[in-house]
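The values are calculated or read from the model by the stated rules, or taken from the named source; none is laboratory data. None of the values given here were measured: they were computed from a predicted structure. Positions of Cβ are backbone-derived with ideal geometry, glycine not excepted, and every protein chain shown enters the neighbour counts.
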Ligand code: AP5
């Protein structure tokens, strides 16, 4: 039976030397999943639910960049300052900066509880770097889940999204409202609207997805790892669909 665990991404967000307050339990057959899909399709929402169900670490490169952007100016490297500018415009951060950050935190990826990668890899170059790291450690991916949704619904999801400034839980003003307006159900933190959820940045993000991230679908399809999932319906329905499909997938477990 799966024991739900509380999502703890604090260490991943604080930097390479930080440790999780409660380490996820060691698993005999850990899940190592990548979540693909356009911005706003619901990857973060599903990653949270899957983390509770599967007990793996949830790693979101977007969350790490946003956490780094909140540090004091003097604590930010030039590469991190440049990364913030790319994000504000809705463009992808250069592969070298992304990989530097992921490599610093490779202990999370190598941890025996497994991982759920949300927002990484985003380019073929990033996927190749991850493949090499995992090959060196003799680890393999369980599946690559690709969430699919029409653009009109994606824009509606992004424009109503609210995120907790403390624990990063995700809500939607209409479809997943918090119990108390602007207050996080999980930790009581303040909810805010992301800067890159403005219409102009949304447009740039969708273009960047088509150009750089969509080719990853073919990349993982060729490796026999792709599991396409329709991302319509409630988050719980999509979770059930995901669990069923990954269990039946080429490397399905449980
Ligand atoms: P990142 O934070 O990764 O953003 P993203 O991929 O654009 O994805 P989002 O977080 O916007 O959406 P999501 O799919 O997680 O949807 P969510 O669950 O929140 O990256 C941000 C930026 O960082 C990038 O643009 C780039 O600049 C940079 N970056 C990060 N990683 C990078 C990398 N590897 N390489 C280069 N650059 C990188 O859901 C959206 C909304 O919909 C929410 O309000 C939610 O409540 C609602 N919702 C979810 N599911 C449902 C449902 N079933 N029904 C109704 N509403 C739903």
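Couple of notes before you dig in:
- Residue in the range 167-179 that is surrounded by fewer than 16 Cβ atoms within 10 Å (Cβ to Cβ), modelled with pLDDT under 90 and in contact with a strand residue (DSSP E or B) (Cβ under 9 Å, 6 or more places away or on another chain) present: no
- All conditions but one from (1) at pLDDT 90 or above; (2) out of contact with any strand residue (DSSP E or B) (no Cβ under 8 Å at 6 or more places or on another chain) apply to residue 187; the one that does not is (2).
- Each residue in the range 195-207 was checked for being touching a residue at least 60 places away in the same chain (Cβ under 8 Å) and assigned to a loop (DSSP other than H, G, I, E, B), and 0 pass.
- Checklist (1) under 25 Å from residue 52 (Cβ atoms); (2) surrounded by fewer than 18 Cβ atoms within 10 Å (Cβ to Cβ) applied to residue 211, failing item: (1)
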